[in-house]
Amino acid sequence: MPPKPLAIDVDDLRKRYESGKSLAKVASEVGYSVSTVYLRLRDAGVPIRTRAVGNKIGGTLRRSALHADVARLYGQGVRVLAMAQQLGTTRPKIVRCLGDVGLPVRSGSEANTIRLRSAGVRADVTRAAHLKFGDGNRELAEELERRGIAAEREHIVDHMNVDVLAGGTLAVEVHRPGASPLSVESRERQRIVDLLHRGFPVLYVWAYRNSRCRYDVSACADQIVATLDLIHKDPSAGRQYRVIRGCGQVVAIGGTELEHRPVVLPPHGRRYGTCHQR
């Protein structure tokens, strides 16, 4: 008794094949041999493509998929080289794809601007960057918590990352560079103004790494506690910034009018003056 023919949905085979898939691809999807798929399509009157035509169609489909992936990653702000690495191809090929779909090649900074429009990405990037050298932040947060004061590390405020948010109110920054955080050309100066405008009083711990004025975590925590107490007693203090040295010495107090900023003493190095700590 001859075997019964396989119950294959020829219409399904035709749709798959005419969508541009190869015989081998269709066969793998339906679970039959290539020869079986070929015979059923031929018997149904479906024109079978030559290998050259099939390769051309397959290449077009692969390019279409690549174009779609490139456009998607481009919209996410992924840089050209990163696209090539993610998609397993080369940078020149990504550049050609961008040209095919009418998208300009962006610089790395332009791509990063797009990426950082996402609040989640912005927070992740900022937090990772600050955690790389945040030992002083951690020590200060732990000291505050030992004193019963809530201390949240890496608190995100819009585009800014606050090293430690003390008592849910005071933005504490541990400033490591030797240059004054209030100098006209520093980003920290504008950062102070931005935080004040958003309702956060600011305390900058100016703990210059090479300073003779060593970083005294306990003394800095004392100043934070004193500032929090003052804010609770005097609401106007909640609209001010303070800069203290790593030893706890207060060197500047002011508000948003930083064009009339107080004079900030230079860091304590070998060629500078002494500190009350010595």
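Observations
- With both labels modelled 7 Å from their Cα along Cα-to-Cβ, the residue 139 to residue 214 distance reads 0.9 nm.
- Length gained on full extension, residue 43 to residue 230, computed as 0.36 nm times the residue gap minus the Cα-Cα distance: 58.3 nm.
- Partners of residue 25 within straight-line reach, counting aspartates and glutamates whose Cα lies under 15 Å from its Cα and excluding those fewer than 8 residues away in the same chain: 12.
- Calculated FRET efficiency for the pair residue 100/residue 28, C-beta based, R₀ 41 Å, to 0.05: 0.90
No value in this document is a laboratory result; all are computed from the given coordinates. Predicted, not measured: the structure shown is a model, and the values here were computed from it. FYI the Cβ positions are ideal-geometry reconstructions off the backbone, even for glycines, and counts take in every protein chain you see.
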